[in-house]
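Some notes on the structure that comes next.
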């Protein structure tokens, strides 16, 4: 028998840590649970989604842009932002956009929550949403796109459908409109799911140009659940 050196254990641990990190922080890895990040299709269709609302800035303005261009989107909302913005959430629903669960707290340490605490957080988001629009979200996008065994158990417990993205705009850090526009348009392809934030001024500014670009390329922007053939509410 050959003895395994101490350094070999260190290397193995390092490699395992890298794989674990990849599984936790790359939402498309499917390491812990299968996450839908795009549609498998040859049709020139894409879906757009917005995280972190409802927000006084700039959810309403984004809604007006979408309405003007006859576009339906998915809004993954934070539950603690619904209080005081109930009419805005209802407006989203009445305009036939999809409301998804993006947690109640969106806590910075959400990925360190116990399974029980994650479940309670998601259920609270469901409850405040149902109080306003009468239905409970089934689509769930984890805060920061982070997954781990505890969050996986909460997803299964609540019978949620986890939704990711194939194009992350990084519109919360890119404030240069040309740079943002070039980044997202370079990733246009059939079945793509675009991630934006309805808290971003830059997104609001470039959204009409992006919609027109997509249409000029012969694409159709369809509602997320319809492109993926999913049930959006429980």
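The values are calculated or read from the model by the stated rules, or taken from the named source; none is laboratory data. Values in this document were obtained by computation on a predicted structure and should not be read as measured data. Positions of Cβ are generated from backbone atoms using ideal geometry, with glycine treated the same way; all protein chains shown enter the neighbour counts.
Descriptive notes on the structure:
- Top-ranked residue of the stretch 209-227 - restricted to ones that are closer than 21 Å to residue 98 by Cβ and part of a loop (DSSP other than H, G, I, E, B), ranked as farthest from the chain's Cα centre (by Cα): 219
- Residue among 10, 99 that is in contact with a helix residue (DSSP H, G or I) (Cβ under 8 Å, 6 or more places away or on another chain) and either surrounded by 14 or more Cβ atoms within 10 Å (Cβ to Cβ) or free of Cβ contacts under 8 Å to residues at least 12 places away in the same chain (or both): 99
- Among residues of the stretch 113-138 that are free of Cβ contacts under 8 Å to residues at least 12 places away in the same chain, those with a Cβ under 6 angstrom from a residue that is surrounded by 16 or more Cβ atoms within 10 Å (Cβ to Cβ) and not in a helix (DSSP H, G or I), sequence gap 6+ or separate chain, pair up as 130/136.
- Yes/no for residue 76 being outside any helix (DSSP H, G or I), modelled with pLDDT of 95 or more and either closer than 15 Å to residue 49 by Cβ or touching a strand residue (DSSP E or B) at 6+ places or on another chain (Cβ under 8 Å) (or both): yes
- Flag if residue 104 is assigned to a loop (DSSP other than H, G, I, E, B), in contact with a helix residue (DSSP H, G or I) (Cβ under 8 Å, 6 or more places away or on another chain) and closer than 23 Å to residue 142 by Cα: yes
- For the stretch 82-92, the set of residues classified as surrounded by fewer than 17 Cβ atoms within 10 Å (Cβ to Cβ) and either within 20 Å of the chain's Cα centre (by Cα) or within 19 Å of residue 69 (Cα to Cα) (or both) consists of 90, 91, listed by residue number.
- Residues of the stretch 23-58 that are under 17 Å from the mean Cα position of the chain (by Cα) and assigned to a strand (DSSP E or B): 36, 38, 46, 47, 48, 49, 50, 51.
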